[in-house]
Amino acid sequence: MSLRHLRGRFCIAAILVYFGGSLLGPPAQAAIRYEVSLAHPERHVFHVRMEIPEVTGQVTVQLPAWNTLYQVRDFSAHVQQVAAATNAQAASVEKLDKQTWRISGNGTVTISYATYWDEGGPFATQLNSEHAFINPAMILMYVPERRSENVCLSMPDVPYDWHAASASLHLSPEISRARNFEFEAPSYDALADAPIEAGKFEQFQIAGVSPPVSVAIHGDGWKRAQIEEELRRICTYELRLMEGVPFERYTFLVHIGKGATGLGGGMEHANSTAISVRSDAEFPNVAAHEFFHLWNVKRIRPASLDPVDYGKEQYTRALWFAEGVTNTYASYTLVRTHLWSKDQFYEDLGDQITDLESRPANHWQSAEQSSLDAWLEKYPLYNRPQDSVSYYTKGQVLGVLLDILIRDRTDNQKSLDDVLRSMNDEFAKQGKPYRDSLDVRLTAEKIAGGSFEDFFQRYISSAEALPYQPVFSLAALELRSLERKRPALGFTAERDATGALIVSDVNPESPAAEAGLLLGDVILAWNGAKPPQNLERWLYAQRKGTAVRLAIRREGKNITVEFRLGDVSETLFRVSEDPRANDKARRIRDGLLRGVTQPVTASIR
């Protein structure tokens, strides 16, 4: 994701893609061509023209049902006015189901349609007077049996004062002056995995990183020097950690401040990422997570997600590793590059454990089952603490525990770093996917020289209580709990793709429930002003008994709900260093924090 507490906002969007040299050379003649018009962006309508050569008799086209999130969102609901022609004559168009059309014709068939999009965030598509952000799978149809053919996309009428950025952009000086941008890729899947930003944005390249890593930022309230230094440290460290560069160039597409609308977080792609954050303080964690996806997910891929089926749900038990352990490495990257202090690392780990242990579902939903049930995350009921745990959170904690165990068994000579590098060598570089949790376990066993079958069975396949203290003690760490009371809203709310704040759960015993607040209520105003951007942050500054007055919309009517905050008891978990630990445990702790697998003589300050 990378906003840590935004559950389910990462997803594996497309099959393994290496763009190769085609990114840097002139555009090749594509078998299938797209033209996307951005004329009149204030109307939020993309006009798409698709040319399919070498059609004999008829051709079937589809629009993906899902992309970027584990949610079937039916992008065809945005499509209007589908028409087709062949040899300058109108062709028959028959709609077969909600996302499939069949066109009769021979030779080159041209399909045209309009699609309306104005949803912000890295998991959607938006066209407005300020910019265009495109996830190509949301607006471009494809021929199912011809997904592997070369494709080219042109945008011939981008507003003159706009620029464009994408991992698949080829831009010559002549094209630049004409505002006609062209994007190319060796397949539909590759193009679908390369989002496009067009608009007025600032673009720069990260100094000291090679091959080139560029950044395009749309928004305000950010400091270039700060973001550039954060990315330099993140990219340099992770490239060194994984011992190689899997791209010819990489692009960060960033929406920040006022430019960050819709759902926040990050979305990984093979040679780029799209990130949306409210402030630059949130940025490093998201960026470290997304950049590590270059390996874990985009190239080190679970077999259950390879290749992608755009038409229906695709189930996997491996998200605890693909996403959760990527969270582990985001936190490792930040502490090992000194963007976090070790105390911030401990605090974050304690927060993940607190979140995990506060959810009753943790007692019965395993990491693998949480992964399998990712497709239920679009339902508010499923996201309640009693109904699910996050594979991000559980996977992150499992990653740390597994790392400590590997270091303990090998006297800090091997680590989880070696597991990731080995999987990169054995699977990613060989172009083959791994067998979900099985190959993760087998690789860990090879690195550590012993069985992890019991660990995987009890804590990954099953939902036994995680062995925090026994494992943490091996790394000179302690886990302590603290009981406290805090003010409670009595309900949870989430923003939908349009930015509306919608009540997703109500505690039936809370003052909010007694006042009549219901699931699905849309919160329009909060104490006479706009609803807080971060409800937890607002709540942190309040006390029990604080008055809350909500203006809500329910079934087309505006209603006022008033109540006073209650409180709730909670258990906080905090990770700290054990001053009584032996030398081996301290070496393991320092190895964990520094990312080294040799005995060290000094402690991190």
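Remark: Phe123 falls outside the filter, which requires a residue to be in a strand (DSSP E or B) and closer than 21 Å to Thr251 by Cβ. Scanning the range 364-387 for residues that are in contact with a Lys or Arg (Cβ under 8 Å, 6 or more places away or on another chain), crowded, with 24+ Cβ neighbours inside 10 Å and touching a residue at least 60 places away in the same chain (Cβ under 8 Å) returns a single hit, Ala367.
Checking the stated criteria, Asp578 turns out to be acidic (Asp, Glu), out of contact with any helix residue (DSSP H, G or I) (no Cβ under 6 Å at 6 or more places or on another chain) and either under 24 Å from Lys530 (Cβ atoms) or in contact (Cβ under 8 Å) with a residue 24 or more places away in the chain (or both). Residues of the range 103-113 that are buried (at least 17 other Cβ atoms within 10 Å of the Cβ) and either assigned to a strand (DSSP E or B) or not assigned by TED's automatic domain parsing to the domain that holds Leu153 (or both): Ile103, Val109, Thr110, Ile111, Tyr113.
For the range 58-65, state whether one or more residues are part of a loop (DSSP other than H, G, I, E, B), assigned by TED's automatic domain parsing to the domain that holds Met141 and at pLDDT below 95. No, because not a single residue in the range 58-65 is part of a loop (DSSP other than H, G, I, E, B), assigned by TED's automatic domain parsing to the domain that holds Met141 and at pLDDT below 95. List the number of the failed condition for Ala194; all other conditions in (1) outside any loop (DSSP other than H, G, I, E, B); (2) closer than 30 Å to Leu38 by Cβ; (3) modelled with pLDDT of 90 or more hold. (1) is the only condition that Ala194 fails. When every residue of the range 409-422 is checked against the conditions, none turns out to be hydrophobic (A, V, I, L, M, F, W, C), assigned to a loop (DSSP other than H, G, I, E, B), surrounded by 16 or more Cβ atoms within 10 Å (Cβ to Cβ) and assigned by TED's automatic domain parsing to the domain that holds Tyr392. Entry remark, the range 242-275: residues being surrounded by 24 or more Cβ atoms within 10 Å (Cβ to Cβ) and among the basic types (Lys, Arg) number 0 in total. Note on the range 443-464: residues that are more than 23 Å from Ala585 (Cα to Cα), outside any helix (DSSP H, G or I) and of a type in the set (A, V, I, L, M, F, W, C) amount to 1.
The criterion of at least 1 residues that are under 30 Å from Leu416 (Cα atoms), modelled with pLDDT of 90 or more and among the aromatic types (Phe, Trp, Tyr) is met by the following strands (runs of 3 or more DSSP E) wholly inside the range 526-605: 566-577.
Evaluating Tyr332 against the criteria (1) over 16 Å from the mean Cα position of the chain (by Cα); (2) surrounded by fewer than 23 Cβ atoms within 10 Å (Cβ to Cβ) leaves one unmet condition, (2). Of everything in the range 197-221 that is in a loop (DSSP other than H, G, I, E, B) and in contact with a helix residue (DSSP H, G or I) (Cβ under 7 Å, 6 or more places away or on another chain), the residue that is surrounded by the most Cβ atoms within 10 Å (Cβ to Cβ) is Ile206. Could you say whether any residue in the range 33-40 is in contact with a Cys (Cβ under 8 Å, 6 or more places away or on another chain), part of a strand (DSSP E or B) and touching a residue at least 24 places away in the same chain (Cβ under 8 Å)? Yes - at least one qualifying residue is present in the range 33-40. The residues on offer are Glu313, Glu347, and the sole one that is surrounded by fewer than 21 Cβ atoms within 10 Å (Cβ to Cβ) and closer than 27 Å to Asp280 by Cα is Glu347.
Condition first: buried (at least 17 other Cβ atoms within 10 Å of the Cβ) and out of contact with any strand residue (DSSP E or B) (no Cβ under 8 Å at 6 or more places or on another chain). Now tell me which residues in the range 489-537 satisfy that. Matches in the range 489-537: Ala497 only.
Looking across the range 222-241 at every residue that is more than 12 Å from Phe252 (Cβ to Cβ) and aliphatic (A, V, I, L, M), the one that is surrounded by the fewest Cβ atoms within 10 Å (Cβ to Cβ) is identified as Ala225.
Looking at this structure, is Thr100 modelled with pLDDT of 95 or more and surrounded by 19 or more Cβ atoms within 10 Å (Cβ to Cβ)? So Thr100 fails the test. The residue pairs whose first member lies in the range 195-220 and is closer than 20 Å to Glu184 by Cα and free of Cβ contacts under 8 Å to residues at least 60 places away in the same chain, whose second member is assigned to a loop (DSSP other than H, G, I, E, B) and of a type in the set (Phe, Trp, Tyr), and whose beta carbons are closer than 6 Å, counting only pairs six or more residues apart or on different chains, are Ala216/Phe201.
The values are calculated or read from the model by the stated rules, or taken from the named source; none is laboratory data. The model shown is predicted, which means the values in this text are computed figures rather than measured ones. Don't worry about glycine lacking a Cβ; one is built from the backbone with ideal geometry, like all the others, and counts go over all protein chains shown.
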